[in-house]
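**Student:** Pasting in a structure now, in structure tokens, and then I'll have a few things to ask.
All of the numbers you see were taken from the coordinates with simple rules; none came from a lab. Everything numeric here is computed off the predicted structure, so don't read it as measured data. Note that each Cβ is placed from the backbone with ideal geometry, even for glycine, and that neighbours are counted across all protein chains shown.
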Amino acid sequence: MSMLYQFYEAQRAMLSPFAEFASASSKLYSHPLSPLAHTLQAPRVSAGLNLMHRLSKEYEKPEFNIHTVQIDGVDVAVQQQTALEKPFCRLLRFKRFADDMPMLKVMKDQPTVLVVAPLSGHHSTLLRETVRELLQHHKVYITDWTDARMVPVEAGPFHLDDYIEYVQEFIRHIGPDVNVISVCQPTVPVLAAISLMASRGEKTPRTMTMMGGPIDARLSPTAVNNLAMNKSLEWFEHNVIFRVPTNYPGSQRQVYPGFLQHTGFIAMNPSHHAQSHYDYYMNLMRGEDENADFHRSFYDEYNAVLDMPAEYYLDTIRVVFQDFSLVNGTWWVNGELVRPQDIKTTALLTIEGEKDDISGAGQTRAAHDLCTGIAAQRRLHYDAMGAGHYGIFSGRRWRENVYPQLRTFIAAHQVRKATASKSTAPKTALKTSPKRRTAR
């Protein structure tokens, strides 16, 4: 097996002292008490060294750093807790605290959501803004997937089937009143998890929301889809799977390395990233701290990546992008056939971004063609106009357009109906605000 991962680690180790030197030197040319900071070229030199530092430094997993949230205009404390811990994932809960009884009652009556974050290279903190908005009107849980290089080989392999079992265990732990939100990659395994629960006669979540995911990757294929569809499974196994080096707890585990995924992200739009870094350099020179801080915040998240278990990665390539097992009705999970048509009582919302270059138009909406057991009036699709892939769960379009739709959809389905056929149409409810008090 190739030594690429080892070469990458050696390069990272060699660059680490340079990154620290660049950081220290940048401060030497920018600190007001330093004589060098008052030289003619100081802003240019400091900006250049700062950029070198950021291009050569290692990016650790960020924190959510959500400590307060406003509910009805009142600041409420938030504490991050671990509700369940598995070898490859932690189920996090963002527990909200209030001192007065009226606010406690408001929070108690709010719906519970489980956000299933993608296991596709970035950490779950990529959904920080998603969580922050949801906390205003919901009790929030999120999956926090573990970097595979940190999981000892003794913990065993992790397949796509294991991912599905994790999701089911988390749903059972929270309870059937939960509303499940899946963002991008998890839409497929989440739909499978809920389908299998329905087929067994288990209670399924009140609602499931699919956001920008490859339910049917054959529709409007993107560059990401084409790569997965045009290479053989053996090609991926021989060219992108490596063993974790000895300096990590997961030494010798086979993984798809995060640095390869990150390289792929950058390669999708290299000119954009180059321009972004040049703009950052100019912002530093001009003293435009707010713009520079925005750049740092974005790339601190974007550059922090994790390794994926090789088994899970290859399963996903095969099931989702080559065999199209879900839409073809040929997906067996631990001896059970995945049948989305068996879902009856869970309402469905699909969301797509007009300019999504990762999950093409119609790929997520395809869930409606599979979930035929859900009454039409309990299914809804929303197109986020002008939004790219990240815009459907972060940024202004998420806050102003997508989230209000999601929030209202969830609120409209909090009274569980005896049967789907007797349910009232949610579309009327979607035009009005929920009766309970909500933050503004």
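**Student:** If you take every DSSP beta bridge fully contained in the chain, what fraction is antiparallel? Give it as a percent rounded to 5. Walk me through the numbers before you get to the answer.
**Tutor:** Values: 26 of 50 bridges.
Beta bridges within the chain, antiparallel portion: roughly 50 percent.
**Student:** I've got another one for you. Give me the base-10 log of I(q)/I(0) for segment 97-216 at each q in 0.10, 0.23 Å⁻¹, Debye formula, one uniform scatterer per Cα, rounded to two decimals.
**Tutor:** -0.34, -1.38
**Student:** Identify which of Ser199, Ser394, Ser271 has the largest mean-square fluctuation in a Gaussian network model of the chain, with springs joining Cα atoms closer than 10 Å.
**Tutor:** Among Ser199, Ser394, Ser271, the largest mean-square fluctuation in the Gaussian network model of the chain belongs to Ser271.
**Student:** Would you look at the GNM of the chain, springs on alpha carbons closer than 10 Å, and say which of Ala77, Ala24, Ala148 moves the most?
**Tutor:** Maximum among the listed residues: Ala24.
**Student:** Provide the gained length on full extension for the span Asp100 to Ala42, in nm with one decimal, where the gain is 0.36 nm per separating residue minus the Cα-Cα distance.
**Tutor:** In short, 15.5 nm is gained.
**Student:** Name the residue from Leu314, Gly329, Gly360 whose Cα lies farthest towards the positive end of the charge dipole of segment 314-371, charges +1 on Cβ of Lys and Arg and -1 on Cβ of Asp and Glu.
**Tutor:** Checking the options against the dipole of segment 314-371, the answer is Gly329.
**Student:** Using a Förster distance of 30 angstrom, determine the FRET efficiency expected from the C-beta separation of Gln6 and Ala361, and round it to 0.05. Display every interim value, and only then the final one.
**Tutor:** Values: r = 41 Å, r/R0 = 1.38.
E between Gln6 and Ala361, to the nearest 0.05, is 0.15.
**Student:** Something else now. How far apart, in nanometres, would the label points at Val153 and Asp383 be if each is projected 7 angstrom from Cα along the Cα-to-Cβ direction?
**Tutor:** 5.1 nm
**Student:** Determine the relative contact order of segment 29-175: mean sequence separation of Cα pairs under 8 Å and six or more apart, normalised by residue count, in whole percent.
**Tutor:** Working: 162 pairs, mean separation 29.5, N = 147.
Reported relative contact order: 20 percent.
**Student:** Shifting gears a bit: Could you work out which residue, out of Thr345, Thr246, Thr207, moves most in a Gaussian network model of the chain, that is, has the largest mean-square fluctuation with Cα springs under 10 Å?
**Tutor:** In the Gaussian network model the winner is Thr246.
**Student:** With each pseudo-label sitting 7 Å past Cα toward Cβ, what's the His273-Leu55 distance in nm, one decimal?
**Tutor:** Taking the simple label geometry, His273 and Leu55 are separated by 1.2 nm.
**Student:** How high is the FRET efficiency between His173 and His67 when r is their beta carbon distance and R₀ equals 30 Å, given to the nearest 0.05? Write down the numbers at each step before the final one.
**Tutor:** Numbers: r = 25 Å, r/R0 = 0.82.
For His173 and His67, the calculated efficiency is 0.75.
**Student:** For the pair Gln341/Ala13, report the inter-label distance in nm, with labels modelled 7 Å from Cα in the Cβ direction.
**Tutor:** With each label placed 7 Å out from Cα toward Cβ, I get 5.8 nm.
**Student:** What percent does the relative contact order of the chain come to when contacts are Cα pairs within less than 8 Å and at least six residues apart?
**Tutor:** Reported as a whole number, the value is 18 percent.
**Student:** Can you compute the equivalent ellipsoid semi-axes for the chain, i.e. the square root of 5 times each eigenvalue of the Cα gyration tensor, sorted largest first and rounded to whole Å?
**Tutor:** Values: eigenvalues 292, 161, 80 Å².
Square roots of five times the eigenvalues give 38, 28, 20 Å.
**Student:** For His381, enumerate residues with amide H under 5 Å from its amide H, sequence gap 5+ or separate chain, H modeled in the peptide plane.
**Tutor:** Thr350
**Student:** Looking at this model, which pairs from Lys105/Lys344; Lys27/Lys61; Lys231/Lys344; Lys105/Lys355; Lys61/Lys139; Lys57/Lys95 are more than 29 angstrom apart at the alpha-carbon?
**Tutor:** Details: Lys105/Lys344 31 Å; Lys27/Lys61 24 Å; Lys231/Lys344 37 Å; Lys105/Lys355 40 Å; Lys61/Lys139 24 Å; Lys57/Lys95 34 Å.
Over 29 Å apart, Cα to Cα: Lys105/Lys344; Lys231/Lys344; Lys105/Lys355; Lys57/Lys95.
**Student:** Still on this structure, please answer the following. Assuming 0.36 nm per residue, please report the length gained on full extension of the stretch Asn328 to Glu202 beyond their Cα-Cα distance. Please report the intermediate quantities before stating the final value.
**Tutor:** Working: separation 126, 0.36 × 126 = 45.36 nm, distance 2.39 nm.
That pair, Asn328 and Glu202, stretches by 43.0 nm at full extension.
**Student:** Next question. With +1 on each Lys and Arg Cβ and -1 on each Asp and Glu Cβ, and nothing else charged, work out how big the dipole of the chain is about its Cα centre, in Debye to the nearest 20. Present the calculation step by step, with values, prior to reporting the outcome.
**Tutor:** Details: 47 positive and 45 negative charges, 333 e Å.
Around 1600 debye, computed over the chain.
**Student:** Work through the residues other than Gly212 whose Cβ is under 10 Å from its Cβ and net out their charges, Lys, Arg +1 and Asp, Glu -1.
**Tutor:** On the way: positive: none; negative: Glu352, Asp356.
Here the count lands on -2.
**Student:** So what are the three principal axis dimensions of segment 181-314 from its Cα atoms, in whole Å, longest to shortest?
**Tutor:** Projected onto the principal axes, the Cα atoms of segment 181-314 cover 63, 40, 34 Å.
**Student:** Mind checking which of Val76, Pro189, Ala117 is farthest towards the positive end of the chain's charge dipole, using Cβ charges of +1 (Lys, Arg) and -1 (Asp, Glu) about the Cα centre?
**Tutor:** Result: Val76.
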